[in-house]
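Here you go, one structure.
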Amino acid sequence: MGVEILGVGKYIPPRVLTNSDLEKILDTSDEWIITRTGIKERHIAEEWEKASDLALKACEEAIENSKLNKKDIEAVIVATSTPDMIFPSTACFLADKLGLNKPMAFDLSAACSGFIYGLTIGSSFLKSGQFKNVLVVGTEVFSQILDWSDRSTAVIFGDGAGAVVLSLTDSDSDILSAEMKSDGSHWGSLNCPVGEKLRMRGRETFKLAIKSMETASKKALEKANLTLDDIKLIIPHQANIRIINAIAERLNVPEEKVFSNIHKYGNTSAASIPIALYDVIKEGKINKGDNILLTAFGGGLTWGSIVLRY
Ligand code: ACO
């Protein structure tokens, strides 16, 4: 049997922070941010809002969308780098807020690659016969770990959550392949020590991001025995529009084949791919049976690609 995305949900906090708002607190400009990153605005959670609060709203929609009952969800995997607490896990808080029936629940720390790591793990749980339905979530409140006086990082990130209900299926849907990697020796290029703020060496990360997403995407396609001609749409982590366009160039596909919504949300880290997947589905850009390629890169370093038949 394969695995199928039965439901999707997203939650974007309503408070918008535009580039012009940032011009008032930092030595930056709307023009610099748009040309160097592609971001026009991002959304910021309230100070009291935690990753589990954003995830709750995304998951309620995903479960409703899946037509399953809450009691059918047997595992909750939360990808986040901005957990509510060091422990208990954000997944435990989330499962309780959702009123689930004591599922297995844990957090997954793989920065911006967290959601695709989570999909791979969720799919393996299903295929091993362990569970029938799992919730995979990416949720982040990066606004709470940013140094708001550092213009090189404060302009990039935004808050949000995205979720999918992943289930065993006898339909054609499936995760056809996954190529997941890490390299801890580059930890210094992007990190956030406990109790401190995020630090990033942007230029270095930029180059590593393009190379690793290109390589993992080619490998995942090879494992699935497919070529880019078989792929309807590529959904990359929304890190920077120049990174997204460079991936299109390296893979030799037209830019329209690579989805982007970074102008609206900025980089929402582990939430970026499920939010993009939600938008792609709701905008009717993919239909059941289409092959898509997901690719992400983040602190760790971590990176990977998934070929998925939706
Ligand atoms: N406004 C105006 N000027 C700025 C800003 C700003 N917001 N930020 C930096 N600058 C300046 C720099 O100070 C520098 O000035 P200098 O030449 O006088 O020294 C100049 O702009 C160029 O700086 P760079 O850092 O080289 O700019 P770059 O074009 O590389 O863009 C950016 C910076 C946007 C951070 C880019 O490097 C990037 O997107 N990197 C990758 C980020 C990423 O993918 N991270 C991984 C995922 S995130 C995660 O896992 C949590």
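The values are calculated or read from the model by the stated rules, or taken from the named source; none is laboratory data. Computed from a prediction, not measured in an experiment: that's the story for all the values here. Note: ideal-geometry Cβ built from the backbone for every residue, glycine included; neighbour counts use all protein chains shown. SASA here: full protein model, heavy atoms, side chains in, ligands and nucleic acids out. Shrake-Rupley method; radii C 1.70, N 1.55, O 1.52, S 1.80 Å.
Check segment 18-40 and report whether any residue there is touching a residue at least 24 places away in the same chain (Cβ under 8 Å), away from the ligand (no atom under 16 Å from the Cβ) and not assigned by TED's automatic domain parsing to the domain that holds I262.
no
For segment 159-210, which positions are aromatic (F, W, Y) and over 28 Å from Y278 (Cα atoms)? Outline the logic, then answer.
Filtering segment 159-210 for residues aromatic (F, W, Y) gives 187, 206.
Matches in segment 159-210: W187 only.
Here's another thing I want to ask about it. Anything in segment 190-227 that is within 10 Å of the ligand (Cβ to nearest atom) and either more than 19 Å from the chain's Cα centre (by Cα) or over 26 Å from I175 (Cα atoms) (or both)? List them, or say none.
Across segment 190-227, the qualifying residues are L190, N191, C192, L198, M200, R201, G202, R203, E204, T205, F206, K207.
Sticking with this one: Would a scan of segment 152-164 turn up a residue that is within 15 Å of the ligand (Cβ to nearest atom) and hydroxyl-bearing (S, T, Y)? Lay out the reasoning, then the answer.
Step one: list which residues in segment 152-164 are within 15 Å of the ligand (Cβ to nearest atom), which gives 152-160.
Next cut, hydroxyl-bearing (S, T, Y) only: 152-153.
The answer is yes, given that some residue of segment 152-164 is within 15 Å of the ligand (Cβ to nearest atom) and hydroxyl-bearing (S, T, Y).
Here's another thing I want to ask about it. Within the group V141, V136, which residue is surrounded by 24 or more Cβ atoms within 10 Å (Cβ to Cβ) and either hydroxyl-bearing (S, T, Y) or out of contact with any strand residue (DSSP E or B) (no Cβ under 7 Å at 6 or more places or on another chain) (or both)? Show your work before the answer.
Numbers: V136 fails: either hydroxyl-bearing (S, T, Y) or out of contact with any strand residue (DSSP E or B) (no Cβ under 7 Å at 6 or more places or on another chain) (or both).
Sole residue among the options that is surrounded by 24 or more Cβ atoms within 10 Å (Cβ to Cβ) and either hydroxyl-bearing (S, T, Y) or out of contact with any strand residue (DSSP E or B) (no Cβ under 7 Å at 6 or more places or on another chain) (or both): V141.
Being within 16 Å of the ligand (Cβ to nearest atom), open to solvent by 10 Å² or more (accessible area, probe 1.4 Å) and within 21 Å of the chain's Cα centre (by Cα): is that true of D107 here? Break it down into steps so the answer makes sense when it comes.
Numbers: within 16 Å of the ligand (Cβ to nearest atom): yes; open to solvent by 10 Å² or more (accessible area, probe 1.4 Å): yes; within 21 Å of the chain's Cα centre (by Cα): yes.
Answer is yes for this residue.
Name the residues in segment 229-256 that are surrounded by fewer than 17 Cβ atoms within 10 Å (Cβ to Cβ) and touching a strand residue (DSSP E or B) at 6+ places or on another chain (Cβ under 8 Å), would you?
D230, K232, N245, listed by residue number.
Also: So F297 ticks every box in (1) without any contact (Cβ under 8 Å) to a residue 24 or more places away in the chain; (2) within 15 Å of the ligand (Cβ to nearest atom) but one. Which box is left unticked?
Answer for F297: the failing condition is (1).
D84 passes all but one of (1) away from the ligand (no atom under 16 Å from the Cβ); (2) surrounded by fewer than 21 Cβ atoms within 10 Å (Cβ to Cβ); (3) assigned to a loop (DSSP other than H, G, I, E, B); which number fails?
Only one criterion is unmet by D84, namely (2).
Right, something else. Which of the residues belonging to segment 294-310 are touching an Asp or Glu at 6+ places or on another chain (Cβ under 6 Å), open to solvent by 10 Å² or more (accessible area, probe 1.4 Å) and in a strand (DSSP E or B)? Give the derivation first.
Taking segment 294-310 as the starting set, the residues that turn out to be touching an Asp or Glu at 6+ places or on another chain (Cβ under 6 Å) are 301, 304-305, 309-310.
The next check asks that each one be open to solvent by 10 Å² or more (accessible area, probe 1.4 Å); those that pass are 309-310.
Scanning segment 294-310 gives a single hit, R309.
Let me ask something else about it. If you scan segment 87-111, which residues turn out to be under 16 Å from A270 (Cβ atoms), out of contact with any helix residue (DSSP H, G or I) (no Cβ under 7 Å at 6 or more places or on another chain) and not in a loop (DSSP other than H, G, I, E, B)?
A91
I've got another one for you. What residue, of S89, S52, S113, is of a type in the set (S, T, N, Q), in contact with a Phe, Trp or Tyr (Cβ under 9 Å, 6 or more places away or on another chain) and within 16 Å of the ligand (Cβ to nearest atom)?
Details: S89 fails: within 16 Å of the ligand (Cβ to nearest atom); S52 fails: within 16 Å of the ligand (Cβ to nearest atom).
Of the residues listed, the single one that is of a type in the set (S, T, N, Q), in contact with a Phe, Trp or Tyr (Cβ under 9 Å, 6 or more places away or on another chain) and within 16 Å of the ligand (Cβ to nearest atom) is S113.
Can you pull out every residue in segment 92-104 that is open to solvent by less than 50 Å² (accessible area, probe 1.4 Å) and free of Cβ contacts under 8 Å to residues at least 24 places away in the same chain?
Within segment 92-104, A95 is the sole residue that qualifies.
Of the numbered conditions (1) away from the ligand (no atom under 16 Å from the Cβ); (2) assigned by TED's automatic domain parsing to the domain that holds G289; (3) charged (D, E, K, R), K181 satisfies every one except a single condition; which is it?
(1)
Residues being touching a residue at least 40 places away in the same chain (Cβ under 8 Å) and either of a type in the set (K, R) or outside the structural domain of I63 (by TED's automatic domain parsing) (or both): count how many of those fall in segment 6-17. Let's see the steps before the verdict.
Step one: of segment 6-17, the residues touching a residue at least 40 places away in the same chain (Cβ under 8 Å) are 6-13, 17.
In the following step, the residues that additionally are either of a type in the set (K, R) or outside the structural domain of I63 (by TED's automatic domain parsing) (or both) were identified as 10.
Going through segment 6-17 one residue at a time, the tally reaches 1.
Would you be able to say whether some residue in segment 114-128 is closer than 16 Å to A161 by Cβ and open to solvent by 50 Å² or more (accessible area, probe 1.4 Å)?
For segment 114-128, residues closer than 16 Å to A161 by Cβ and open to solvent by 50 Å² or more (accessible area, probe 1.4 Å): absent.
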